[in-house]
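Here's the structure we're looking at; comments come further down.
The values are calculated or read from the model by the stated rules, or taken from the named source; none is laboratory data. These numbers were taken from a predicted model, which means no experiment stands behind them. Heads up, the Cβs are rebuilt from the backbone with ideal geometry, glycines too, and the neighbour counts pull from every protein chain shown.
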Amino acid sequence: MENKELTDLLISWITLSAAFAFVFAEGGLEAAGFADALAIASVAVGTGFLLHELAHKYVAIHFGAKAEFRAWNTGLLFALFVAAFFRFIFAAPGAVYIYGKKVSVEENGIISAAGPLMNILIGIVGILIAGWYGGSDIGRVAATVGSINLLLAMFNLLPFFILDGAKVFAWSKVVWGLMFFPLLFFLFLI
């Protein structure tokens, strides 16, 4: 991994963690409440964002392409602004750019599915840990991490132009449906 890519990942992780902390901090910007929210958000974003993007990268490399994450500074600033003033998360931190090889529609679909699949896996593990540890601090952190990852997976699977879901949908509507509809059911009906 290059220094630029590591820097972009780190800046995105910190910025998104702060954005989530603005939304989750019960005491607003009161120091203790924000610090607690930032700690939990850092774990959630570390799993939800970093591992999602790295899944895209390494699946693309598996297919013989070169891949790097690049931050989108405007999207990061927008995420902070919206979170701080409207207490809502809309994050577009950047993307993994694939080059060096033209990937097929199937390869692109699989690469695009890798990120949300990572979020689904982490989400399930988080929810299971939360169930095991109940209302303890570990249980609450695990529930937050699990919920955020499942929400990120569902959002990324929306079949709209630049999101992962559009590329998965273009490749296989069956795979897309098998990923998306159970998430929709789980998040909104359970």
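Go through the range 78-89 and give me each residue that's in a helix (DSSP H, G or I), out of contact with any Pro (no Cβ under 8 Å at 6 or more places or on another chain) and touching a residue at least 24 places away in the same chain (Cβ under 8 Å). Spell out how you get there, then give the answer.
Pass one, the range 78-89, residues in a helix (DSSP H, G or I): 78-86.
Now drop any that are not out of contact with any Pro (no Cβ under 8 Å at 6 or more places or on another chain), which leaves 78, 80-86.
Within the range 78-89, LEU80, VAL82, ALA83, ALA84 meet the criteria.
In the range 59-72, what residues are surrounded by 14 or more Cβ atoms within 10 Å (Cβ to Cβ) and assigned to a helix (DSSP H, G or I)? Give the steps one after another, and end with the answer.
At the first step, the residues of the range 59-72 found to be surrounded by 14 or more Cβ atoms within 10 Å (Cβ to Cβ) are 59-61, 63, 65, 67-72.
Scanning the range 59-72 gives VAL59, ALA60, ILE61.
Checking the structure you have, find out if any residue of the range 104-115 is touching a residue at least 40 places away in the same chain (Cβ under 8 Å) and touching a Pro at 6+ places or on another chain (Cβ under 9 Å).
no
Identify all residues within the range 132-190 that are among the hydroxyl-bearing types (Ser, Thr, Tyr) and in a helix (DSSP H, G or I); write none if there are none. So that I can check it myself, show each step before the final result.
Here is the first cut: in the range 132-190, the residues among the hydroxyl-bearing types (Ser, Thr, Tyr) are 133, 136, 144, 147, 172.
Matches in the range 132-190: TYR133, THR144, SER147.
Taking the criterion of being among the aliphatic types (A, V, I, L, M), under 12 Å from the mean Cα position of the chain (by Cα) and closer than 18 Å to PHE24 by Cβ, would at least one residue in the range 44-56 satisfy it?
Yes, the conditions are met somewhere in the range 44-56.
Can you find a residue that is in contact (Cβ under 8 Å) with a residue 24 or more places away in the chain, farther than 22 Å from THR47 by Cα and touching a helix residue (DSSP H, G or I) at 6+ places or on another chain (Cβ under 6 Å) anywhere in the range 130-149?
No; the residues of the range 130-149 include none that is in contact (Cβ under 8 Å) with a residue 24 or more places away in the chain, farther than 22 Å from THR47 by Cα and touching a helix residue (DSSP H, G or I) at 6+ places or on another chain (Cβ under 6 Å).
Can you find a residue that is modelled with pLDDT of 95 or more and not in a loop (DSSP other than H, G, I, E, B) anywhere in the range 29-52? Step through it out loud before you land on a result.
Looking only at the range 29-52, we keep the residues that are modelled with pLDDT of 95 or more, and these are 51-52.
Narrowing the set further to residues that are not in a loop (DSSP other than H, G, I, E, B) leaves 51-52.
Yes, there is a match, as at least one residue in the range 29-52 is modelled with pLDDT of 95 or more and not in a loop (DSSP other than H, G, I, E, B).
If I go through the range 143-153 residue by residue, how many of them are modelled with pLDDT of 90 or more and either among the hydroxyl-bearing types (Ser, Thr, Tyr) or within 16 Å of ILE111 (Cα to Cα) (or both)?
Qualifying residue count, the range 143-153: 1.
Any residue at all in the range 3-16 that is free of Cβ contacts under 8 Å to residues at least 12 places away in the same chain and on the phi > 0 side of the Ramachandran plot?
no
Could you tell me whether any residue of the range 92-113 is of a type in the set (Ser, Thr, Tyr), part of a helix (DSSP H, G or I) and surrounded by 14 or more Cβ atoms within 10 Å (Cβ to Cβ)?
Residues of the range 92-113 of a type in the set (Ser, Thr, Tyr): 97, 99, 104, 112.
With part of a helix (DSSP H, G or I) added as a condition, the list becomes 112.
Now restrict to residues that are surrounded by 14 or more Cβ atoms within 10 Å (Cβ to Cβ): 112.
Yes, some residue in the range 92-113 is of a type in the set (Ser, Thr, Tyr), part of a helix (DSSP H, G or I) and surrounded by 14 or more Cβ atoms within 10 Å (Cβ to Cβ).
Name every residue in the range 144-170 that is of a type in the set (S, T, N, Q) and surrounded by 18 or more Cβ atoms within 10 Å (Cβ to Cβ), in order of residue number. Write out each step before concluding.
Step one: of the range 144-170, the residues of a type in the set (S, T, N, Q) are 144, 147, 149, 156.
Within the range 144-170, THR144, ASN149, ASN156 meet the criteria.
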